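The values are calculated or read from the model by the stated rules, or taken from the named source; none is laboratory data. It should be emphasised that the depicted structure is a prediction, and the values quoted were computed from it without experimental measurement. Neighbour counts are summed over all protein chains in view; Cβ atoms, including those assigned to glycine, are modelled from backbone coordinates with ideal geometry. Remember, those area values only see protein heavy atoms, side chains included, never the ligands or the DNA or RNA. Shrake-Rupley method; radii C 1.70, N 1.55, O 1.52, S 1.80 Å.
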Amino acid sequence: MVSVRRRKELVSARKAAGLTQENLAEVMGVDRTTVIRWEAGDYAPLPYQWPKLAKVLGRTADELRELIGLHPPNGTAELGSALEPAFGWLDRHAGWSPGTTRGRVASAPSVKPHSDVPAGRSRVAAALANYYGDSGHGHVLYAARCGQVEIATSVLTRPDWLNLACPLTAENDRIVLSANENAAREPVDEVGAVRRLAAAAADDVRIADVPLYRLTDVQIRPEMVSGDVQVVPFVEYALTMDLLERELHDSRAVQPGRMPLRDRYLPDLQAVLDLPGRLCAGGVLALTAIARPADPFRGEADYLLLVQERSRHVVNAAHRLAVIPKSFHGPLADQRTDARIGATLRRELEEELFGRSNVDRTTGIQRAADPMHPARLSAPMRWLTEQPGRLRIECTGFGFNLVSGNYEFASLVVIEDEEFWPRFGGDVEANWEAAGLRQYSTRDDDLITELIGDETWSNEGLFAFLQGLRRLSEIGGERVRIPAVELGR
């Protein structure tokens, strides 16, 4: 804990810099709750935040150390300490001497931060459809129609991977940790990896040294999801398969062009579906719908739908719209138990919406033996889990996003008890991964139709949003008045 005097000095330094808590949160790429906790002394800024915080407050690292009363970690030079694990990983896998990657990144040609206006989602989908051609063998690219709006995506799926309505309970959620040692490891493209790290430094992206699940086998059927996963370092994914997204966007502004990394890592649909033969990391993402009572201004009872605008600090889908929560599938503390899809969703609700930064995997620090123990839950999550029927979590669809080959478990989180919003609505706040949070009513069909046609969606985000809407229309009753979403074109 930080002393009262030092807490006041931190507040004074912020005010002297002419910043409100909201201003500082925006500059630092965190939520306001995090700034409040820094100033309350609940915890100190994380390693990668020290250099930037010192600069924002007009202090040196030593002055910041004295101000807060803690020592920043070693290696907080200007070239992001948050990337040190990635530098070390590439040095080892390329057979370079320690420090080589850091030097090559520092001397790499200047990399402009990613544009705030990403290429349109439909252009991305069209470019990938052109690259891979007809899917066949029962697989299709997810497409839908909503009114006059036609949607084509880059998500490769099957008709029997949709309409799942699968409750993510212990009986139905059967993703398990596997000991299969025969799964292939991706070769590293050193030039592409150095460019990726240079871009990450320019964009202030977090590439954490944390474990990640890779999918080696999957079986999807109505009311049941099962499969095998293994654990790999997140850095391995970030410097191999994740290179494909940026290459796609840099390929003549998503026009047909040479994509040598894609040709190497994911050349055809056979490679996409060869789970043991490639590194297939994945995502768990959900449309969150919160029941609200009738309101004299808003009108009849409805569901509140939450949509995020992704920040520039995230590894993928930066600056795009997505459902929330949206997370990589990876363990927090228990590699076996955390393999279940529902475990990731519950953790991400805590982190991305209910303010629990102590379950943020990007810090690489986990001291609690059971971070999701009932005694450690946030007040909103504790209330939701106290009584059955308050919270519904279902998997609504599955597919592979051809942007980087990731598997995607589209899901729906429904808070059924309309008492939640009046009681805890003020506690719902997105974390650093979101640049903004939007809300929509399930009784506002015009705005939702307009939202569906927005070109800044990520392909996987729109996939989860549409699948969530389809399921919500089935179970939401009078609260839901949204346009019908019809599959296919």
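Which ones in the stretch 388-402 are touching a residue at least 24 places away in the same chain (Cβ under 8 Å) and of a type outside the set (A, V, I, L, M)?
Passing the criteria: G389, R390, R392, E394, C395, T396, G397, F398, G399, F400, N401.
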- Query: Which residues, counting only those in the stretch 191-217, are of a type outside the set (D, E, K, R) and open to solvent by 30 Å² or more (accessible area, probe 1.4 Å)?
  - Reply: V191, A201, A202, P211
- Task: Considering every residue within the stretch 337-344, establish whether at least one is assigned to a helix (DSSP H, G or I), within 12 Å of the chain's Cα centre (by Cα) and surrounded by 24 or more Cβ atoms within 10 Å (Cβ to Cβ).
- Result: yes
- Which pairs have Cβ atoms under 7 Å, sit 6 or more apart or on different chains, and link a residue in the stretch 464-489 that is in contact (Cβ under 8 Å) with a residue 12 or more places away in the chain to one that is hydroxyl-bearing (S, T, Y) and open to solvent by 50 Å² or more (accessible area, probe 1.4 Å)? V480/S473; I482/S473
- Message: Here is a check on your reading of the model: is V188 open to solvent by less than 30 Å² (accessible area, probe 1.4 Å), under 17 Å from A86 (Cβ atoms) and under 21 Å from the mean Cα position of the chain (by Cα)?
- Response: no
- Condition met for A16 (of a type in the set (G, A, S), open to solvent by less than 70 Å² (accessible area, probe 1.4 Å) and either farther than 17 Å from E352 by Cα or modelled with pLDDT under 80 (or both)): no
- Message: Would you confirm whether or not the stretch 386-409 contains a residue that is assigned to a helix (DSSP H, G or I), open to solvent by 10 Å² or more (accessible area, probe 1.4 Å), of a type outside the set (D, E) and under 28 Å from H313 (Cα atoms)?
- Response: no
- Query: Are any of the residues in the stretch 366-377 among the small types (G, A, S), free of Cβ contacts under 8 Å to residues at least 60 places away in the same chain and not in a loop (DSSP other than H, G, I, E, B)?
  - Reply: yes
- Item | Residue check, Y303 within 22 Å of L345 (Cα to Cα), of a type outside the set (D, E, K, R) and crowded, with 22+ Cβ neighbours inside 10 Å | yes
- (1) surrounded by fewer than 22 Cβ atoms within 10 Å (Cβ to Cβ); (2) under 27 Å from A238 (Cβ atoms); (3) touching a Lys or Arg at 6+ places or on another chain (Cβ under 8 Å) all hold for G436 apart from (3)
- Message: Tally up the residues in the stretch 422-448 that are over 16 Å from L287 (Cβ atoms), assigned to a helix (DSSP H, G or I) and not charged (D, E, K, R), please.
- Response: 4
